[in-house]
Amino acid sequence: MNKSKRRELSLDLTLEAAFLPVAAAATEQTALAFGLEKKEALQLTLAVEEVLNHLVEVGSSGEHVSLKLADGLYYMEASIDFPLKELNLRAFNLTSGVSLEDESQLSEMGLLIASRMVDRLQLSLKNNVMRLGLYKEKYYPEAGGLKDIPAEDTDQPAILTPGPEDLKLFCRGVTATQPGYYYPSFFSRPGKFVDMVKSGDYSALLAYNGKKQVLGGIAWRQEYEKTIECFGPYLFRDSKEVAGALLDGFLEQVGRTRAPGVLSRWLAPGTAIEKHFESLGAADFYSSGAGPVQRAAHYRQLCEDTGSRVWAHTDLAGFLKEEYRRLFLPREVREVKDMGEHTGAYSVFSCQFDQEEVTLIPLAAGADAGVNLARHLTLFAGEGIKNIYFELDLGEEWHALLTPVLVRNGFRPCYILPHAGKGDLVLFQCRAGEKK
């Protein structure tokens, strides 16, 4: 599906309580039309209603907001644009709670409810307009692993764009032959992956033997003019020939895009991809009942990198300069420092869970960032989550100022992800024994 042709509904609303039922009804009916189940539709509707109600309470009479409902095929997005204000967004943190005995916190109850009704949040600011994205994933059943693994034959493997049934078979083959920490969780839900490809967010190529049986495949995701992230190649049986053919077919396709490079970070060290890509580094992964394994990250540049500016705190500048020099990436590392300027009281961190891991992404800066991060780590420890990562965007000045907070809470940089965000991203991993 072409993203420019995806189904959407937009409403422009005056901030008045009288219009809340209109927005709620539009959200629910649109969600059902987009294919969400009744329960999911009601949860997203409640989230939209609570956010708009909060804006009515804190806004000025006559102000306008816009609500856009978009069908992502495997998810639905409700984005709300509203005038920038000193909003207290701390309720969007996973660790937040509201005391019913504290009247000053009761106004946050709606935002807290909204945050618990959706799967993902996104905040952005442009031209003094704040955009809050609320994302609700559709439900898909899990599927068992493939039992009969086809054999490679003497013929040159054919690399083809698959149909839905072969995509589902590929997913089942991946979960049957690969450890769970070397593939994203969506491979466990083949129907979801089919819709991810159909939506245009993801693409895939599969390798076939002479009997048209699937031998393995490679998938990838691309955002416009950002680095492409690939998953695989995943092979049902080890074969350098099949792996090489998949990589050749993949690189031929992505070489026609405007992407600056290709990133891989879901494979074990020593895989075929190392002959085609540069090593970025590795992160440790602690699997249930086993010691740590490494997930290696690799990068391949697709076009000339003419250079860019990145923001860095002094604590991170040395690491960045050394890595950029090793990777031959031209960057101007601009150091930032907190000099007492005003910042909001409360920070917000988004949590993205995938199987036995969680990745934190900063959504809003705040003076409580250190305390807030520590609360998240305590929560994860209580849930037995050992794989805790943090993505810092070097294209955002305020992200750089979080570096000392990360270091004090035991996070250490693993590697750079070129052009993966507004600028380059840095992946940090929490090593609890190294707190300062």
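The values are calculated or read from the model by the stated rules, or taken from the named source; none is laboratory data. As the structure is a computational prediction, the values presented were derived from the model and not from experiment. Ideal geometry is used to build each Cβ from the backbone, glycine not excepted, and the neighbour counts take in all protein chains shown.
Tally up the residues in the stretch 1-52 that are among the basic types (Lys, Arg) and assigned to a helix (DSSP H, G or I), please.
Looking only at that region, the number is 4.
I want to confirm something. Restricting to the stretch 114-128 and keeping residues that are modelled with pLDDT of 90 or more and over 16 Å from Leu360 (Cα atoms), which single residue is surrounded by the fewest Cβ atoms within 10 Å (Cβ to Cβ)?
So, considering only residues that are modelled with pLDDT of 90 or more and over 16 Å from Leu360 (Cα atoms), the one surrounded by the fewest Cβ atoms within 10 Å (Cβ to Cβ) is Arg116.
For the stretch 368-421, what are the residues that are touching an Asp or Glu at 6+ places or on another chain (Cβ under 9 Å), modelled with pLDDT of 95 or more, farther than 26 Å from Ser279 by Cβ and hydrophobic (A, V, I, L, M, F, W, C)?
Leu401, the sole residue that qualifies.
Find the residue count for the stretch 37-86, including only residues that are at pLDDT below 95 and at positive phi.
1
Restricting the search to the stretch 146-166, which residues are touching a Phe, Trp or Tyr at 6+ places or on another chain (Cβ under 7 Å) and in a strand (DSSP E or B)?
Ala158, Leu160
Condition check ((1) over 19 Å from the mean Cα position of the chain (by Cα); (2) part of a strand (DSSP E or B)) across all residues:
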{"residue": "Ala345", "(1), (2)": "yes, no"}
{"residue": "Phe349", "(1), (2)": "no, yes"}
{"residue": "Val358", "(1), (2)": "no, yes"}
{"residue": "Ile361", "(1), (2)": "no, yes"}
{"residue": "Ala367", "(1), (2)": "yes, no"}
{"residue": "Leu373", "(1), (2)": "no, no"}
{"residue": "Thr378", "(1), (2)": "yes, no"}
{"residue": "Tyr389", "(1), (2)": "no, yes"}
{"residue": "Gly395", "(1), (2)": "no, no"}
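Residues checked against (1) buried (at least 22 other Cβ atoms within 10 Å of the Cβ); (2) in the same structural domain as Arg295 (by TED's automatic domain parsing); (3) over 27 Å from Cys303 (Cα atoms); (4) without any contact (Cβ under 8 Å) to a residue 24 or more places away in the chain:
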{"position": "Pro330", "(1), (2), (3), (4)": "no, no, no, no"}
{"position": "Gly344", "(1), (2), (3), (4)": "no, no, yes, no"}
{"position": "Ala367", "(1), (2), (3), (4)": "no, no, yes, no"}
{"position": "Glu396", "(1), (2), (3), (4)": "no, no, no, no"}
{"position": "Ile416", "(1), (2), (3), (4)": "yes, no, no, no"}
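So which residues in the stretch 172-195 are under 20 Å from Ala151 (Cβ atoms), in contact with a helix residue (DSSP H, G or I) (Cβ under 8 Å, 6 or more places away or on another chain) and without any contact (Cβ under 8 Å) to a residue 60 or more places away in the chain?
Within the stretch 172-195, Arg172, Thr175 meet the criteria.
Looking only at strands (runs of 3 or more DSSP E) that fall completely inside the stretch 277-317, which ones have 2 or more residues that are closer than 25 Å to Val262 by Cβ and free of Cβ contacts under 8 Å to residues at least 40 places away in the same chain?
Values: elements: 278-286, 292-301, 308-313.
So the answer is 292-301.
Kindly provide the set of residues from the stretch 287-301 that are buried (at least 19 other Cβ atoms within 10 Å of the Cβ) and either over 21 Å from the mean Cα position of the chain (by Cα) or among the hydrophobic types (A, V, I, L, M, F, W, C) (or both), ordered by number.
Ala296, Ala297
Just to be sure before I move on: is Glu335 outside the structural domain of Gly163 (by TED's automatic domain parsing), surrounded by fewer than 17 Cβ atoms within 10 Å (Cβ to Cβ), part of a strand (DSSP E or B) and not aliphatic (A, V, I, L, M) in the structure I sent?
Considered against the rule, which asks whether it is outside the structural domain of Gly163 (by TED's automatic domain parsing), surrounded by fewer than 17 Cβ atoms within 10 Å (Cβ to Cβ), part of a strand (DSSP E or B) and not aliphatic (A, V, I, L, M), Glu335 comes out as yes.
Please verify whether the stretch 111-126 includes one or more residues that are over 23 Å from the mean Cα position of the chain (by Cα) and in contact (Cβ under 8 Å) with a residue 40 or more places away in the chain.
No, every residue in the stretch 111-126 fails to be over 23 Å from the mean Cα position of the chain (by Cα) and in contact (Cβ under 8 Å) with a residue 40 or more places away in the chain.
Which numbered condition in (1) at pLDDT 85 or above; (2) over 26 Å from the mean Cα position of the chain (by Cα); (3) buried (at least 19 other Cβ atoms within 10 Å of the Cβ); (4) aliphatic (A, V, I, L, M) is the only one that Leu132 fails?
(2)
Any idea which of Lys198, Lys168 is touching a helix residue (DSSP H, G or I) at 6+ places or on another chain (Cβ under 6 Å) and at pLDDT 95 or above?
Working: Lys198 fails: touching a helix residue (DSSP H, G or I) at 6+ places or on another chain (Cβ under 6 Å).
One residue alone meets the criteria, Lys168.
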